[in-house]
Amino acid sequence: MLPSEGSAMFSRSRLCMLAGLLAVVGSAVAGHAAPRTEAKPLEWSPCPSGFLARQGFECARLSRPLHHGQSDGPQIELAVYRLPASGTADERIGSLLFNPGGPGQPGGESAGNAFLIPEDLRRAFDFVIWDPRGLGASTPKLTGCTVGAVQRPATGPVDWQRVLDQRRLELATANRGCLETHRELISAMGTVETAHDLDALRRALGDPKLTYWGVSYGTVIGSTYAAIYPNNVRALVLDGSVDPWIDLAGLSQSSVAPDDAIRFFLALDPKRAATIPRLLNRLEQKPLLLADGQSYTRWDFLDALQRFVPSPDMVSGTYSRALIDTVDRALFGTPQQQAAALDQLQNPMLRSPDVDTNAAAGFAAITCQDFPQRPSALRQSQLLKGILPQAPLAGGSLAVNFVALCSGYEDLPARNPIPRAPFPDADVPGLIVGSSWDGSTPWVWSSAMARAFPSMRTLQSVGPQHGVVIGVQSSCLRSAVSQYLLRAEVPPLDATCPYEPPKLEQAFQ
């Protein structure tokens, strides 16, 4: 299992998010839910090829109006995937719908999570995932909207204001180009539309109420659904939550999370904690020259490290240690060690990504529809300056994306922003889970989710992982989540699960 690209924010597997503009719920939110039409049952057939087919998934398509409530208008189709419950008919409870986050991540790419959840959940639930509108195998979908990694100087001091100015131009170009091709689709890609899709999917599955597990941005889908359809929830697991009170500028505070996760990881490994400054000092002076003729810079190292540390703990420590040790040998090893390490550093997993999944494409299309705010250039600079001293390793690289995310979207306002907390009348049975030093969505965001939904409870795991239900090999956490989903009974009190060293580690490939 490999860590997900682009999970730095919400998905990671991250990426996913968000709070919108409505100050109160009440009748305004209730009005979002109508009108409702009866959903036809899905027509399932074996998935035609690839991993899904080999693992026994079934595939279906769900037709939806492009704009909720406009059944006579343009239509879209969502790709839906199901792995039937492994238990008997008497053991089956219903469907467990899962979203991996993003935003902008197709659900079908997360199918492997079905085999990582506890077996008692596999026996009781059909595992159901879907590609949200505009993504993956759903149609129509965004194409040609991506952007490359943030451009930062390979050596010497970093002028982060200059990096931000350049990133703003890059994002504006990518976003405007995407709008030219997909304006009508993007106008309907916000999370409120996705929440309506989720309810239609629930009805098409034949489930009286929704059982849902959302990770990262998937918690935004879950909290939005809970605000709009509070009476339709059976059980809701919000895993690595996004603060439902904040605005677009507030999202940039996730830029400090990777530094927190790295700090926790290094506290467990003092030897490598002492190694990192030496590596960065040398790379800041001169990048490594790889056999393929490309340079390996300090940013390749830091980008990979901030992806690995919050990953599932079966790979987090192994991959992070392998990265640090490989760069150390490439810089300071014997000639034979250096040659072997330089060859290994050509692995794309150990470098900055070619495509930045925390910017442009579906990430911006969804986020910029969910939030109506557009921080000015001055405000962007102020936000960046506040983040840099808090997160000297990864903060600047992430912050320039988040503060300038909606550049180019100035002439496409958010048509239907997501509901904004609090939700005092939404008596929703939910379990909010996360880790104390989450590397993508800070734990304070999970606390904020609990304030928004007073009927929910929190379950904290001590550690740096993002997406803890499968990311943390904790018997305490997995048992509590399993019992909640099986019984749909909210625990009476908030709880904490202590740090447990990984019971299983996967060798770096």
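Quick notes on this one:
- For the range 259-311, dividing the convex hull volume of the Cα atoms by the residue count gives 86 Å³ per residue.
- Solvent-accessible area per residue in the range 72-120 equals 39 Å², computed with a 1.4 angstrom probe and all protein chains kept.
- Packing, as the average of other Cβ atoms within 10 Å across residues, places the peptides 307-320, 226-239 in the order 307-320, 226-239, highest first.
- Couplings for the range 137-151, taken from phi via the Karplus curve 6.51 cos²θ - 1.76 cosθ + 1.60 with θ = phi - 60°, read 8, 6, 10, x, 9, 5, 9, x, 10, 7, 9, x, 5, 4, 8 Hz in order; Gly and Pro are left as x.
- Distant-in-sequence amide contacts of Arg234, defined by a placed amide H-H separation under 5 Å and a gap of 5 or more residues or a different chain, comprise Leu210, Thr211.
- Value in Å of the Kirkwood radius, where the range 432-509 supplies the Cα pairs that are averaged: 13.1
- Take the Cα radius of gyration of the range 349-389 and divide it by 2.2 N^0.38 Å, N being the number of residues; the result is 1.50.
- Karplus 3J(HN,Hα) series, Hz, for the range 296-307 with 6.51 cos²θ - 1.76 cosθ + 1.60 (x for Gly, Pro): 10, 9, 4, 6, 4, 5, 5, 4, 5, 5, 6, 7
- Hits among aspartates and glutamates - C-alpha to C-alpha of Lys286 under 17 Å, sequence gap 8 or more where chains match: Asp300, Asp328
- Approximate shape of the chain as ellipsoid semi-axes (Cα gyration tensor, √5λ), whole Å, largest first: 36, 26, 22
- Of all accessible heavy-atom area on the chain, the percent that carbon and sulfur account for (1.4 Å): 54
- Ellipsoid semi-axes in whole angstrom, largest first, where each is sqrt(5λ) of the Cα gyration tensor of the range 352-468: 27, 21, 14
- Pairs beyond 32 Å (Cα-Cα), from Lys385/Lys503; Lys141/Lys385; Lys141/Lys209; Lys209/Lys503: Lys385/Lys503; Lys141/Lys385; Lys209/Lys503
- Dipole moment magnitude, nearest 20 debye, the range 47-118 about Cα centre, only Lys, Arg, Asp, Glu C-beta charged: 100
- Residue-averaged 222 nm ellipticity for the chain, from DSSP H runs of 4+ at -39500 (n - 2.57), nearest 500: -12000 deg cm²/dmol
- Within the range 465-508, trypsin sites (Lys or Arg not before Pro) in DSSP loop having at most 15 other beta-carbon neighbours inside 10 Å: Lys503
- Accessible area in square angstrom per residue, the range 208-292, 1.4 angstrom probe: 33
- Dimensionless Rg/Rh of the range 116-206 - Kirkwood Rh, Rg from C-alpha atoms: 1.17
- Shown in residue order for the range 222-229 are the 3J(HN,Hα) couplings computed by the Karplus curve 6.51 cos²θ - 1.76 cosθ + 1.60 at θ = phi - 60°: x, 5, 5, 4, 5, 6, 8, 10 Hz (x for Gly and Pro).
- Antiparallel %, DSSP beta bridges [both residues in the chain], to 5: 40
- Summing +1 for each Lys or Arg and -1 for each Asp or Glu among the other residues whose beta-carbon sits under 13 angstrom from that of His182 gives +2.
The values are calculated or read from the model by the stated rules, or taken from the named source; none is laboratory data. No experiment lies behind these values; they were computed from the predicted model shown. Every residue, glycine among them, receives a Cβ derived from its backbone with ideal geometry; neighbour counts consider all protein chains shown. Remember, those area values only see protein heavy atoms, side chains included, never the ligands or the DNA or RNA. Shrake-Rupley method; radii C 1.70, N 1.55, O 1.52, S 1.80 Å.
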